[in-house]
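Here is the structure we will look at, set down as structure tokens.
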Amino acid sequence: MRNRFVRSRPWSIVLGLGLGLTAAGALANDALMQLAKDPNQWVMPSGSYTAQRYSALDQITTDNVKNLHVAWTMSSGSLRGHEGQPLVVGNMLYFESSYPNHVYAVSLDDPGKIVWSFTPDQNKFAPSVACCDVVNRGPAYGDGMIFANALDGNLYALDAKTGKVVWKAQNADPMIGQTQTMAPIVIKDKVITGVSGAEYGVHGYITANDIKTGKQLWRAYSTGPDDQLMFNPRKTIDGATQKPVGKDSSLKSWQGDQWKLGGGTTWGWYTYDPKLNLLYYGTGNPGTWNPTQRPGDNKYSMSVIARNPDTGEAKWVFQMTPHDGWDYDGVNESILTDTKIDGRTVPTLTHFDRNGFAYVWDRSNGKLLAAHKFDPVVNWATGIDMKTGRPMVDPAKMTREGVNVKDICPSSQGSKDQQPASYDPNTGLFYVPTNHVCMDYQAFNVKYKAGFPYVGALVNMYPANHGDVGGRFIAFDAATGQTKWAINDRFQDWSGVLTTKGGLAFYGTLTGWFRAVDLKTGKVLWQFKCPSGIIGNPITYTHDGKQYVAILSGVGGWAAIGLSNNLTKATEGLGAVGATATLGDYTNLGGTLMVFALN
């Protein structure tokens with residue numbers, strides 16, 4: 001653990017070691033908590049409830065990583081973008097492909113042997129309403145079952161030994177624009193999932209299903225009246241003011257019934273603190289990208305919400321981007337660490353938002369502790385007002401109907417999108433894959449019709465300063481806002497990150513390079529060109545005493561939607577095609593599980 005200080009505030013922040021969450025195992029799904037203690041397995045999508053994506057394994061080190069080689073591979077059977085990661089439970093590896101969402105159980109005793117596979121029978125309309133490729137961010141495990149979201153909105157519980165369907169629950173309907181792409185999270189006796197589709201006017205929510213039967217236990221919406229939000233107007237805290245939100249605080253921030261099309265979808269990564277018994281997740285963009293059409297703060301799109309998973313009631317909420325005019329979704333992961341403030345240990349939550357600011361909150365009450373730009377080109381706001389929590393917006397970069405506002409940084413893909421960062425407790429730094437992309441943005445009036453696009457903006461993205469750097473992999477101090485080192489890449493760094501006790505960070509590039517980097521210096525110590533570009537997330541595990549590193553290769557997602565959907569016009573793919581126009585010169589489609597080990 002290292003000490004560091006925030007000189008601009010009267011107290012100091014010391015980023016701490018990983019949380020002692022396992023000490024509170026009796027409060028959560030006990031068996032799952034016990035499994036998560038073991039670094040030889042990878043039993044949750046983010047590795048643990050903290051989403052630190054850190055492993056205590058250290059056989060592979062800065063000294064010997066040069067000897068890493070391919071141990072075995074396996075085709076996923078799908079050509080589209082692979083944004084997930086495998087799970088390792090015992091002697092079995094599980095993973096899920098992009099649509100049509102093949103789910104595999106692969107034996108580690110006989111690498112590559114498919115013990116069982118499952119492909120759901122889906123509503124064929126679903127791919128047509130998936131805004132940004134037909135990706136999937138992986139399955140979850142709990143109580144001897146694998147939980148897998150299908151694009152068409154069905155959640156499946158599969159027997160982990162046989163693949164037999166134990167139950168299924170429909171949590172979304174593609175006929176009204178709803179899809180599911182996120183990885184579920186298992187907490188106690190519940191499986192919790194979100195919904196995608198804000199570009200179709202979907203009214204965002206999360207759903208808790210009973211782990212044994214699939215019965216819906218509660219559903220909490222992102223926008224609307226208090227009973228639908230599961231807000232207690234006298235107890236739910238506005239993190240920015242540290243006061244109760246008051247009656248119908250969301251309704252008052254919308255014009256008329258616009259909240260019903262208010263977006264706030266919930267397709268990102270979820271975390272959980274068993275000690276505080278709080279679930280954390282973010283909400284996406286408000287319905288229609290045209291801000292002129294929806295006056296007000298549009299609460300609670302673009303927010304992080306903390307809820308009691310037992311009841312669904314919200315403990316606190318913090319809106320990062322009121323009255324969004326840029327599509328700066330707030331769904332990115334919330335990483336849980338402990339922080340020393342004036343000698344007192346504070347449970348903190350660090351969130352690298354799409355709007356380009358890294359927020360640090362007290363996760364017990366949502367109080368803002370720090371907010372810094374993590375890409376120097378961010379220009380839509382000059383900073384975050386620490387008293388109000390509101391961004392200080394540059395009026396010249398505020399979008400409005402009928403005007404083509406140019407050179408806004410970051411683009412709608414944000415300084416970081418869904419690609420998850422990692423925290424290393426030994427350096428005290430966050431390792432963040434970022435986008436270095438800006439945009440021109442022209443809003444226009446659009447009418448709502450269920451199941452049809454409800455966007456209302458024409459966007460053109462390009463690398464910052466129209467240069468040749470589209471992504472930066474950075475080591476970042478969230479307390480001080482200092483970037484310790486950076487690796488520039490030609491395109492957005494859209495893969496997640498794994499850090500290890502061996503002193504390494506693993507991440508992939510859109511062009512298909514899978515890298516091992518020295519955590520302290522940023523030096524690339526090893527790299528391998530995978531069959532396709534990488535937007536998946538690395539994991540590590542051991543089998544028979546040997547450490548392995550695994551990653552899904554398979555380009556796609558919003559970053560590479562031009563390549564995956566054969567789009568060529570710069571403004572297609574919600575404006576993303578322009579930023580990756582030459583990606584096809586470096587890689588091609590194809591889903592493959594890659595597993596590496598030392599010689």
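The values are calculated or read from the model by the stated rules, or taken from the named source; none is laboratory data. Remember, it's a predicted structure, so these values are computed and weren't measured experimentally. Neighbour counts are summed over all protein chains in view; Cβ atoms, including those assigned to glycine, are modelled from backbone coordinates with ideal geometry. All accessible areas refer to the heavy atoms of the entire protein, side chains included, with ligands and DNA or RNA removed. Shrake-Rupley method; radii C 1.70, N 1.55, O 1.52, S 1.80 Å.
Let me know the Kirkwood hydrodynamic radius for segment 98-149, please, with Cα pairs as the basis and the value in Å to one decimal.
Working: mean 1/r = 0.0782 Å⁻¹.
About 12.8 Å, per the Kirkwood formula over Cα pairs.
Ranked by accessible surface with a 1.4 Å probe, highest first, in what order do His351, His543, His466 come? Can you show the working numbers first?
Numbers: His351 0, His543 25, His466 125 Å².
In descending accessible area the options line up as His466, His543, His351.
Would you mind telling me the share, in percent, of accessible area of segment 558-599 contributed by carbon and sulfur at probe 1.4 angstrom?
Details: 750 of 1630 Å².
Ligands and nucleic acids excluded, carbon and sulfur give 46 percent.
For segment 239-374, just run the numbers: alpha carbon Rg, then divide by 2.2 N^0.38 Å, N being how many residues it has.
On the way: Rg = 14.7 Å, N = 136, 2.2 N^0.38 = 14.2 Å.
Dividing the Cα radius of gyration by 2.2 N^0.38 Å gives 1.04.
Which whole-number percent is the relative contact order of the chain (Cα, under 8 Å, 6+ apart)? Provide the component values of the computation, followed by the final result.
Details: 1892 pairs, mean separation 92.8, N = 599.
Averaging sequence separation for qualifying contacts and normalising by length gives 15 percent for the chain.
Size of segment 386-519 along its principal axes in angstrom, Cα-based, largest extent first?
Principal extents (largest minus smallest coordinate, Cα): 53, 41, 34 Å.
Taking all protein chains in place and a 1.4 Å probe, what share, in percent, of the accessible surface of segment 213-285 do carbon and sulfur account for?
Values: 1500 of 2920 Å².
So the carbon and sulfur contribution to the accessible surface is 51 percent.
Could you please put Met386, Met145 in sequence from largest to smallest accessible area, using a 1.4 Å probe?
The ordering from most to least exposed comes out as Met386, Met145.
Mind ranking 336-347, 518-529, 32-43, 51-62 by how tightly packed they are, going by the mean number of other C-beta atoms within 10 angstrom, highest first?
On the way: 336-347: 17.3, 518-529: 15.8, 32-43: 19.0, 51-62: 21.5.
In decreasing order of mean packing, 336-347, 518-529, 32-43, 51-62 become 51-62, 32-43, 336-347, 518-529.
Any idea what Rg and Dmax come out to for segment 25-82 if you just take the C-alpha atoms, in Å?
15.6, 42
How charged is the neighbourhood of Gly554? Take every other residue with its Cβ under 13 Å from the Cβ of Gly554, and add Lys/Arg as +1 and Asp/Glu as -1.
Working: positive: Arg80, Arg137; negative: Glu83, Glu96, Asp133.
Residues near Gly554 contribute -1 overall.
Starting from the eigenvalues of the Cα gyration tensor, five times each then square-rooted, give me the equivalent ellipsoid semi-axes of segment 441-486, largest first, whole Å.
Details: eigenvalues 258, 52, 18 Å².
Largest first, segment 441-486 gives 36, 16, 10 Å.
Just the ratio, please: alpha-carbon radius of gyration of segment 83-178 over 2.2 N^0.38 Å, N its number of residues. Could you put the intermediate results ahead of the total?
Details: Rg = 13.4 Å, N = 96, 2.2 N^0.38 = 12.5 Å.
With N residues counted in segment 83-178, Rg over 2.2 N^0.38 Å equals 1.08.
Over the Cα atoms of segment 71-125, each weighted equally, I'd like the Debye log10 I(q)/I(0) at q = 0.27 Å⁻¹, rounded to two decimals.
The Cα Debye sum returns log10 ratios of -1.18.
So what's the back-of-envelope 222 nm ellipticity for the chain, counting only DSSP H runs of four-plus at -39500 (n - 2.57) apiece and dividing by all residues, rounded to 500? Intermediate values should be presented prior to the final figure.
On the way: 3 runs with 16 residues, N = 599.
Taking each H run of at least 4 residues, the total per residue is -500 deg cm²/dmol.
Step through the table entries Lys235/Lys260; Lys416/Lys523; Lys168/Lys315; Lys113/Lys161; Lys340/Lys387, compare each Cα-Cα distance with 19 Å, and write down the pairs that go over it.
Values: Lys235/Lys260 24 Å; Lys416/Lys523 22 Å; Lys168/Lys315 29 Å; Lys113/Lys161 14 Å; Lys340/Lys387 21 Å.
Going by Cα-Cα distance, Lys235/Lys260; Lys416/Lys523; Lys168/Lys315; Lys340/Lys387 fall outside the 19 Å limit.
What does the accessible area of Glu313 come to, in Å² to the nearest 10, when a probe of 1.4 Å is used?
70
Would you mind calculating the relative contact order of segment 328-487 from Cα pairs under 8 angstrom and at least 6 residues apart, reporting the percent as a whole number?
19
If you wrap a convex hull around the Cα atoms of segment 399-450, how much volume per residue is inside, in Å³? If you can, show how the numbers build up before the last one.
Numbers: hull volume 5.6 nm³, N = 52.
Given the Cα convex hull of segment 399-450, per-residue volume reads 108 Å³.
With Cβ to Cβ distances under 14 Å as the rule, what net charge do the other residues near Ala581 carry (K, R +1; D, E -1)? Walk me through the numbers before you get to the answer.
Details: positive: Arg490, Lys569; negative: Asp468, Glu572, Asp585.
Its environment carries a net charge of -1.
So for segment 20-172, considering every pair of alpha-carbon atoms, how many percent are separated by more than 17 Å?
On the way: 7714 of 11628 pairs.
Looking at segment 20-172, the distances longer than 17 Å represent 66 percent of pairs.
Any idea what the relative contact order of segment 67-120 is, in percent, if you count C-alpha pairs under 8 Å spaced at least 6 apart?
On the way: 84 pairs, mean separation 14.5, N = 54.
Across segment 67-120, relative contact order equals 27 percent.
Going by average Cβ density within 10 Å per residue, which order do the peptides 128-139, 321-332 take, highest to lowest? Numbers along the way, then the final one.
On the way: 128-139: 23.8, 321-332: 26.2.
Packing proxy ranking, top to bottom: 321-332, 128-139.
Beta carbons within 10 angstrom, averaged per residue: use that to sort the peptides 447-455, 93-101, 269-277, highest first. It would help to have the intermediate numbers written out before the result.
Working: 447-455: 16.0, 93-101: 25.9, 269-277: 21.8.
The most tightly packed comes first, giving 93-101, 269-277, 447-455.
Starting from the residue with the highest accessible area, list Lys212, Lys260 in decreasing order, probe 1.4 Å.
Values: Lys212 125, Lys260 100 Å².
Correct descending sequence by accessible area is Lys212, Lys260.
Using only C-alpha atoms and all pairs of different ones, pull out the Kirkwood radius for the chain in Å with one decimal.
23.3
Considering only protein heavy atoms and a probe of 1.4 Å, how much of the accessible area of segment 407-475 is carbon and sulfur, as a whole percent? Walk me through the intermediate numbers first.
Values: 1030 of 1920 Å².
Within segment 407-475, the accessible surface is 54 percent carbon and sulfur.
Provide, for q = 0.10 Å⁻¹, the log10 of I(q)/I(0) from a solvent-free Debye sum over equal Cα point scatterers in segment 163-273.
-0.33
Viscosity 1.002 mPa s, temperature 20 °C: give me the Stokes-Einstein translational D for segment 313-403 in µm²/s, with Rh taken as the Kirkwood radius over C-alpha pairs. It would help to have the intermediate numbers written out before the result.
Values: Rh = 14.2 Å.
After rounding, the answer is 151 µm²/s.
Rounded to the nearest whole Å², what accessible area per residue is found for the chain with the 1.4 Å probe?
Details: 19390 Å² over 599 residues.
Ligands and nucleic acids excluded, the figure is 32 Å² per residue.
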